[in-house]
Amino acid sequence: MTYYLRKIGFATQNVGIGSAADALDALQQEAGITTKSNKKLIHKGEIAFGTVLGVCVGYLVKQAGKLVALAIGTGFVFLQYLSYNGFITVHWDRLEGGYKKGFDVDKDGRVTVKDLSSKWNKFIGFLTHNLQFKSTFLVGFYAGIRYG
């Protein structure tokens, strides 16, 4: 580890083979990454905390999304069953109007990728509001959605 740190020009002291936290401390110390009051700018606790929170929230969003998809799919099949057997008449144009009203952000009459992207960005903004560790949270969030 010391060899690689010296090779890239960061370490002049013996860091030894330790944890990644020790290596991060050494890099911060050698590179002078501190504030005027001699506090570190990179906090290991915030990095770990943000990542763990992100993974948990990503997992929650993925599971909640599956549950919503299950409910919508089951509701559609149930409505089709009732409609097919003549018990009800489904006004699909009204349902589509409600969908467009909720998701058509630019009010052009169509729900496009731009509209969905705007809704997603608003959701991410809600999740990361007033967080100091947004980047690590978002990395954990992606990991939670992807691998959860």
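Each label point is 7 Å from the Cα along the Cα-to-Cβ direction; what then is the distance between the points at residue 83 and residue 129, in nm?
Each label point is offset 7 Å from its Cα along the Cβ direction, giving 3.7 nm.
At a threshold of 8 angstrom on Cα-Cα distance, excluding pairs fewer than six apart, so keeping six or more, what relative contact order does region 44-147 reach in percent?
61 percent
So for region 44-147, considering every pair of alpha-carbon atoms, how many percent are separated by more than 16 Å?
Beyond 16 Å sits 70 percent of the P(r) for region 44-147.
Only the coordinates and a few stated rules stand behind these numbers; no lab work does. If you're wondering where the values come from, they're calculated on a predicted model, not measured in any experiment. Methodologically, a virtual Cβ is constructed for each residue, glycine included, from the backbone with ideal geometry; neighbour enumeration extends over all protein chains shown.
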